[in-house]
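One structure is given here, and the rest of the page talks about it.
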Amino acid sequence: MNRDDRTNEFDTRAVTVGEKPADRADAAGDVVSPIHLASTYALDGLDPSLSLEDVDPDAGEYLYSRLANPTRRALEKRLASLEGGDHAMAFSSGTAAIAAVCLSVLRPGDRLVAFEDLYAGTKRMFTDLFGERFDVDVVFVDATDPDEVAAAIDDRTALVWLETPTNPLIRLCDVAAIAELAHDRGALVGVDNTFLSPYFQRPLELGADLVAHSTTKFLNGHSDSIGGAVITDDADLAEQLSLTQQITAGSVLSPFDSYLTLRGLKTLPLRMRKHEENAMVLAEFLAGHPAVSAVHYPGLDSHPQHDLATRQQSGFGGVLSFELAGDRDDAVAFLESLEEFALAVSLGGVESLIELPAAMTHEPLDPETRRELGITDTLVRMSVGVEDAADLRADLAQGLSRVPAAAPATSAED
Ligand SMILES: *Cc1c(COP(=O)(O)O)cnc(C)c1O
């Protein structure tokens, strides 16, 4: 890693790391990383002692693109730099990245302690794949309370898995407190940092051992690539992730998706600042609207974990949710009336998206589980894009005129 990969400011590293001329394998002078599509690379000669471990991509040595590819390598360097870690591995999706962590860390008979309020696909992977097929003892806890995590960790616990803030209720957990108590018991801590990106939160600095991303969301930022990554400071874990997951299990990010994500990352700081600015405008508007009974956004003083958000994050992000007055039909009428918000799952792109978790992202959960988690039929989640805030606010206002007024708004209590 170049010195500048660590010492320059975040906004500079988001543009330059991995793509400076010195990092390029070819010498055409491109200021942008070429998309290296080659599956295989010609050798200078036959060195009989050549083994996988001897091949050093950092010295421009490549053999075969599942093992290492220059475009993917450029992205991995940048992701490591932005998360403040020594090693990054890019995978074919966020889901593949999280599976790679589990396959590297967990063995049959181990316990996995996870936040109950996780991305639905991650929860399904933990229970249906690792729990049922691989005999991992999966325990879900309310990780907003570190004591609940502590109580669930036993001698067999290999991994504690967190997401903060969560989806769709924007709950936080205290990464530093949980990392300390997990490390006391010998467990590793992984954090899915998809919702805030390293621009607003860096879990490794808070004590986590592993950070995972769906690069599909804010990191790529343009809703045109599926990808994932894991970042860590731990050299042994990095070797597991690279050797047994990328090379042996084979779920690597393609050169084209690596290029798109490198490109998207250049504007990550600009986008995140605008996502947050717009989200704050809309959160305040919604909190004062008579047809909205609660707003969940950690930037509001009324969010129950506003203090933790201020301490742990350097910004509040671009995702929020709110509770509409009225019933499910009113919620559907509201969503279908919007012009500026596409009705779609996913998040983190430049365009604003809106969805009804009970009918879309969280529909696979049974109604009882949804109720326990606080996901009602009128809870709306949105990913606020980078459009003009006044246009977005005006669109919400016209949509909300179709929804009956609630009792006086109190906002943000769960
Ligand atoms: C989207 C998402 C994932 C899954 O990522 P894919 O790229 O869709 O596989 C995991 N965690 C969170 C928080 C997500 O938002």
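Some observations on this one:
- Most fluctuating residue given options THR244, THR95, THR261, as computed from a GNM of the chain linking Cα atoms under 10 Å: THR244
- Taking every alpha-carbon pair in the range 125-221 and binning the separations at 10 Å intervals from zero gives 15, 47, 33, 5, 0 percent.
- Rounded to the nearest 20, the size of the Cβ-charge dipole of the range 277-401 about its Cα centre is 380 debye, with Lys and Arg at +1 and Asp and Glu at -1.
- Span from the the range 338-411 Cα centroid across to the the range 31-105 one, whole angstrom: 39 Å
- If R0 is 30 Å, the Cβ-Cβ spacing of ASP388 and GLU205 corresponds to a FRET efficiency of close to 0.35.
- Förster radius 41 Å - calculated FRET efficiency between HIS222 and ASP184, Cβ distance, rounded to 0.05: 0.45
- Helix axis angle, 328-337 relative to the chain longest principal axis, alpha carbon, degrees: 70 degrees
- For the pair SER346 and GLU132 in one chain, pulling the backbone fully straight at 0.36 nm per residue adds 74.3 nm over the alpha carbon distance.
- Rounded to the nearest 10 degrees, the inclination of helix 175-184 to the longest alpha-carbon principal axis of the chain is 60 degrees.
- Within the shell of other residues whose beta carbon sits under 11 angstrom from the beta carbon of ALA90, the net charge comes to +2, with Lys and Arg scored +1 and Asp and Glu -1.
- Per residue, the convex hull spanned by the Cα atoms of the chain amounts to 141 cubic angstrom.
- Qualifying lysines (Cα of each under 17 Å from Cα of LYS217; at least 8 residues distant if same chain): LYS266, LYS274
- Two-decimal Rg to Rh for the range 262-414 - Kirkwood Rh, Cα set: 0.95
- Likely footprinting exposure, LEU356, LEU237, LEU210, fewest C-beta neighbours within 10 Å first: LEU237, LEU356, LEU210
- Whether the range 42-168 is rounded, prolate or oblate, judged on the alpha carbon gyration tensor where a/c under 1.5 counts as rounded: prolate
- Net length available on complete extension from TYR64 to SER39 is 8.4 nm, with 0.36 nm assigned per residue and the Cα-Cα distance removed.
- Net charge dipole, the range 1-138: roughly 320 debye, given to the nearest 20, about the Cα centre with Cβ charges of +1 for Lys and Arg and -1 for Asp and Glu.
- The antiparallel fraction among DSSP beta bridges confined to the range 172-246 stands at about 60%.
- Here the range 287-364 is treated as a Stokes sphere of Kirkwood radius computed over C-alpha pairs; at 25 °C and 0.890 mPa s its diffusion coefficient rounds to 174 µm²/s.
- Helix 70-83 and the longest principal axis of the C-alpha atoms of the chain enclose an angle of approximately 50°.
- Placing unit charges on the Cβ atoms of the charged side chains and taking the dipole of the chain about its Cα centre, the candidate lying farthest along the positive direction among GLY45, ALA394, LEU260 is GLY45.
- Between the alpha-carbon centres of the range 198-254 and the range 175-191 there is a gap of 19 Å.
- Counted by neighbouring Cβ atoms within 10 Å, the residues CYS173, CYS102 run from fewest to most as CYS102, CYS173.
- Charged side chains reduced to their Cβ positions (Lys and Arg at +1, Asp and Glu at -1) give the range 129-238 a dipole of some 480 debye around its Cα centre.
Any read-out appearing in this document is the output of simple, stated calculations on the displayed coordinates, not a laboratory observation. These figures come from a predicted structure and were not determined experimentally. We place every Cβ from the backbone using ideal geometry, glycine too, and count neighbours over all the protein chains shown.
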